[in-house]
Each structure stands twice: as structure tokens, then as C-alpha cells.
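J.: One structure follows; several queries about it will come next.
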Amino acid sequence: MTRVSVFSSPLLLGFDHIERVLDRVNKTAAEGYPPYNIEQTGEHGLRITLAVAGFSDDDLAVSVEDNQLVVRGRQQEDCNATRIYLHRGIAARQFTRSFVLAEGIEVRGAEVVNGLLHIDLERPVPQPKVTQIEIKNSAKRKASPKTIDLDPRK
């Protein structure tokens, strides 16, 4: 079965990037692990907190790929191989969680505290930029240049 896109209309050319972003958002919305919070930490600051109990710093990777924040987790298998579980309710599976970042958002840092991965983001305030544009007078350009007669006989 072929999928028909909203952006497949010939009147909507050049919107394929938006379609890819929407596909990524739908894909990540369907995933439920690990749970996360997004909070505002200041006028220009955000914090994403993921519940990563059982994962150490070495088991986690945070990267930015094409305006997308990607968090990956994979626990080492050697420590769990010797254990025999009667009940296993703590998820230990690998995961990939993605967040689409708005233009200009910068990742300031990440840390693990008490089983929570905190990723701090900031939107820098754009500095106002004023540029003076020279206005050229077209009347001065069209005037014929003055000629000086250097003939001494006149």
C-alpha cells in the first residue's frame, strides 16, 4: 500500500524537508521508552530529563545530527549475563530517543544524576545588527564629466 502525503500536491513544491521532520516527530512520539520531561529553566533555557535508571555515563551517548538531538543508551551485557532473574521489571533494553530542535537551539551540556539524564539547551538571544546602506545619487552619475582644456593657445 502506498502512502499519500499531504505535501504531494504539485502546488506545494519544496516542502519535503517539513515532511521529513513530521515523519521523525511521529516516529518518536510512538516510542515510550525512556520516559522524559521537558521543562523551561529560564527565559531562554530548556532542560530535557530522561529516566535512565540502570544506565551509567558510559552506556549513554548524546549527539546532535541535522537539527535533531539524539540520545542513545545501551547497557553492557557482561554484568547481566551472570544474573538469574525471577522477575525483571526494570527495563534494560537499548534505546534511541530523538528530539527535533528548532533553528538556533544549542546544547549546553548533559549530566546523569540519580538515574536521570539532564540535557540543558539554550536559545541564544540574537544580537541586533544594524547595517548602514549607502544611497547613491543617480543624478550625479548621469552628469557629464567636466573637461579641462589644456591647450595654451586659448
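Each reported figure results from applying straightforward, stated rules to the coordinates on display, with no laboratory input. Since we're looking at a predicted model, the values are computed, not measured. Because the Cβ atoms are built from the backbone with ideal geometry, glycine has one as well, and the counts that use them run over all protein chains shown.
J.: Rounded to the nearest whole Å³, what is the per residue volume of the convex hull around the Cα atoms of the stretch 34-124?
T.: Cα-based convex hull of the stretch 34-124, divided per residue, equals 94 Å³.
J.: Between Asn67 and Glu43, what is the label-point separation in nm under the 7 Å Cα-to-beta-carbon projection?
T.: 2.6 nm
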